[in-house]
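A short worksheet on the structure shown next.
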Amino acid sequence: MNQIDRAPAPSKRPSEFGIGLSTASVLVVDDEPGIRNFIVKILDPVVGRIEQAANTDVASRLLDQNHFDIVILDNVMPGTTGLEWLSEQRKLGFFADTILITAFADMDTAIEAMRAGAVDFVLKPFRSNQILNAVARCVDRVNLRRENYLLKYELAAGNEQVRARLLGSSSQIESIRTTMARAAPLPTPVLLTGDTGTGKEVAARALHMMSSRADKPFVPINCATIAGDMIEHELFGYIRQDAAGRTVRHDGVFMNANGGTLYLDEIVELPLPVQAALLRVVEHQKIRPVGSSREVPLDLRFLFATNADPEDAVKDGRLREDLYHRINVLNIQMPPLQNRDGDLKELALMFLQQISKSLGVPPLTLSEGVLLNMARYDWPGNVRELRNLIERSLIVGEWPAEFAANGAEEEVAAVDSLAAVERRHILTVLAACDGNRAEAARRLGISRKTIDRKCAMWND
């Protein structure tokens with residue numbers, strides 16, 4: 001029998017030990033063929049990938065070539081023991097959870113296993129459910145660790161269901177939706193540009209939810225909020241020796257987001273040396289954690305964003321030109337709110353409903369007069385400013401004077417009539433022209449008489 005044996009890859013059956021097993025990759029290291037084959041027979045139907053090695057030399061070569069989530073390791077083997085090999089590998093870069101199989105359960109072995117970094121051990125002789133349970137515990141531990149690690153990024157982003165919905169029916173938003181629908185199933189990087197508050201992260205989340213990775217992590221990272229001297233460790237992870245000589249491993253954002261979508265906001269703020277390392281990751285889908293001699297393969301969808309002009313950033317030396325050309329395969333430009341004709345009401349109604357519910361306060365009336373005053377405003381802070389205005393107004397219990405309607409008015413309908421859209425648009429343009437009806441008619445492409453007639457009908 002060859003020292004490296006690859007088991008066939010039939011379709012995986014559901015397991016009562018957890019769905020996470022179906023994506024796990026496992027390496028079995030044992031010098032006894034009977035035990036290796038027994039473990040492979042148990043795990044092959046339920047795990048994503050399983051390979052086996054007859055000794056630690058073969059196992060080392062496999063680790064250089066592939067990434068494994070779990071290593072099942074025999075301790076007593078000819079030459080180097082399993083725990084000695086594990087300690088050596090951790091110094092080189094070992095990123096799997098290890099289950100030790102041993103016939104000796106003495107305290108010294110348990111202490112040595114903990115120091116070497118083993119997370120579980122199974123006593124020989126063992127039954128099939130003992131191996132399955134140990135692997136399932138490892139998978140659960142990895143998933144829990146990953147979820148806890150990524151939770152801080154979700155909390156920092158203020159994750160809400162609304163963030164995954166790209167609202168609006170304007171031609172600009174419809175065009176973006178069409179582009180996203182074509183891009184969603186592809187691995188191509190996407191660069192989202194636009195002013196602050198235009199909804200770049202909303203679009204990124206929507207793109208993730210439209211893709212086959214929707215059930216995997218979406219990890220938003222603001223490159224401007226992580227200290228420059230820490231960002232490489234935070235993204236790539238690291239291994240180092242502590243004061244006691246033990247190997248400390250930290251899995252960074254890339255490894256924890258593996259399989260999902262990574263959204264890097266304010267990419268221009270990333271230090272140039274890290275930009276160079278990021279370019280290699282995007283091109284080769286592999287990372288080398290700081291202090292590691294091994295690369296780890298990744299499966300990540302990259303989305304990037306900036307509110308700066310990326311071409312100006314390249315000229316200023318803030319963005320590497322090679323990175324810019326690599327990530328600028330597809331550029332989605334998010335429009336400012338004032339250019340999104342007809343979307344203001346839909347956004348305002350949604351924010352009123354969502355925020356009033358979360359605050360536990362009654363919603364304010366969004367009347368035609370309030371909406372008209374909103375339409376006349378230029379919204380320099382875009383959608384984010386609109387959201388903040390509505391939250392502030394709900395807390396205070398009334399609209400600010402500059403947006404409040406004169407007198408009592410009925411709430412606008414959820415769906416606009418054509419007449420309401422026409423009235424709001426004409427009055428907004430008139431306000432922008434300081435009441436000059438001739439100039440408003442020129443901008444609208446209609447006659448002055450038409451505006452006079454409309455205004456008389458509205459008693460304005």
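Out of the DSSP beta bridges found with both residues in region 198-272, what percent are antiparallel (nearest 5)?
Restricted to region 198-272, the bridges split so that about 45 percent are antiparallel.
Measuring from label point to label point, each 7 Å out along Cα→Cβ, what is the Asn148 to Met350 span in nm?
3.5
Sorted by accessible area (1.4 Å probe), largest first, how do Thr80, Thr261 line up?
These residues rank, largest area first, as Thr80, Thr261.
On full extension of the chain, what length is gained from Asp64 through Asn129, given 0.36 nm per residue of separation minus the C-alpha to C-alpha distance?
20.4 nm
In region 147-291, what percentage of the DSSP-assigned beta bridges are antiparallel, given to the nearest 5?
40
Is any residue of region 83-110 close enough, with backbone N under 17 Å, to a label point placed 7 angstrom from the Cα of Val76 along the Cα-Cβ axis, and if so, which?
The answer is 83-85, 100-110, whose backbone nitrogens lie closer than 17 Å to the label point.
With a 10 Å radius around each residue's Cβ, average the other Cβ atoms per peptide and rank 138-151, 211-224, highest first.
Those peptides, ordered most packed to least, come out 211-224, 138-151.
Order these peptides, 191-198, 225-232, by their mean beta-carbon neighbour count within 10 angstrom, highest first.
191-198, 225-232
Accessible area per residue of region 226-348 at 1.4 Å probe, in Å²?
Solvent-accessible surface per residue comes out at 43 Å².
Rolling a 1.4 angstrom probe over the protein chains, ignoring ligands and nucleic acids, what is the accessible area of Lys124 in square angstrom, nearest 10?
50
Asp108 to Thr365: extension gain in nm, 0.36 nm per residue of separation minus the Cα-Cα distance?
Length gained, Asp108 through Thr365: 85.4 nm.
Quick one: net charge around Lys315, please, counting Lys, Arg +1 and Asp, Glu -1 for every other residue with C-beta under 14 Å from its C-beta.
-3
Region 27-85 to region 348-363: how many Å between their Cα centroids?
Centre-to-centre (Cα) distance: 56 Å.
Assuming a ≥ b ≥ c are the square roots of the Cα gyration tensor eigenvalues, decide whether region 51-142 counts as rounded (a/c under 1.5), prolate (otherwise, with a/b larger than b/c) or oblate.
Since a/c stays below 1.5, the shape of region 51-142 is classed as rounded.
The values are calculated or read from the model by the stated rules, or taken from the named source; none is laboratory data. Predicted model, so just to flag it, every value in this text is computed and none were measured. Because the Cβ atoms are built from the backbone with ideal geometry, glycine has one as well, and the counts that use them run over all protein chains shown. Accessible surface is based on the protein model in full, side chains and every heavy atom, while ligands, DNA and RNA are left aside. Shrake-Rupley method; radii C 1.70, N 1.55, O 1.52, S 1.80 Å.
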